[in-house]
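A.B. asks: Got a structure for you, questions after.
The values are calculated or read from the model by the stated rules, or taken from the named source; none is laboratory data. Remember, predicted model here, so these are calculated numbers, not experimental data. Glycine gets a Cβ as well: all are built from the backbone with ideal geometry, and neighbour counts include every protein chain shown.
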Amino acid sequence: MWGMPALDILALAVFALCWAGYAALVDRVPAIRARSVIAAMDEHRRRWMLAFLERENRIMDTQIIGNLMNSTSFLANTSIFILGGLVALLGAPDLGRRVLASLPFAEPPSNDWAWEIRIGLLLLIFIRAFFELTWALRHFNYGSIVMGGIMPGTADRSRALAAAEVLNRAGRHFNTGLRAYYFGLAALAWIVHPVALMLASLLVVRELHRREFRSVLREALVREASRGF
């Protein structure tokens, strides 16, 4: 493929399979997604909005929305800085290869074309992260506006559930953007060696699975989500 060594093609295939396969299973298969920490948080956000419906003092709620937006904005801004650094790396392939060549077991790209492919992959990943995080930020904005239209002490349950759905969508896009960061770190290993890319991709999948399906946090959230409101 475009003169790329077979080991690089294999590494890239493993990387793509890990990211796309994990996302497809967790996000698109309802039976699997229902057991994740993401689904548990959806239920907690729904309960938050139902509690918000009856609450007259809403200072705490505005602070929560502000914290969510700040963390999302921080990662979106960081994506811009990362993209700027990657563009700079495109213009200095010789310097980058010399630095990597000093690392033990490293196999830096032998030509400018191979270097640009690796940096290009990182650019695509963090561009996706930026779009997902900014879209999550807009969802948090939309959710706060819907929340502002709910009068205290009213029985406007449908509007509260609509706000919960908007915030749940924001959480999903935030999670997708954060997942891009994880796999971006894995893709960085390709600059060192193709085998490092494969190992890093598998390690990221293992860590994501542990955190989303087997962590103590997930058990606590699921246990509380299973209780009636």
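A.B. asks: Inside segment 169-198, can you point out the residues that are farther than 25 Å from THR78 by Cβ and in a helix (DSSP H, G or I)?
C.D. replies: Selection gives PRO194, VAL195, MET198.
A.B. asks: Does PHE183 count as under 20 Å from VAL87 (Cβ atoms) and in contact with a helix residue (DSSP H, G or I) (Cβ under 8 Å, 6 or more places away or on another chain)?
C.D. replies: yes
A.B. asks: Next question, about the same structure. When you go through (1) over 26 Å from ILE127 (Cβ atoms); (2) of a type in the set (S, T, N, Q); (3) at pLDDT 95 or above one by one for THR72, which number turns out not to apply?
C.D. replies: That leaves (1) as the condition not met.
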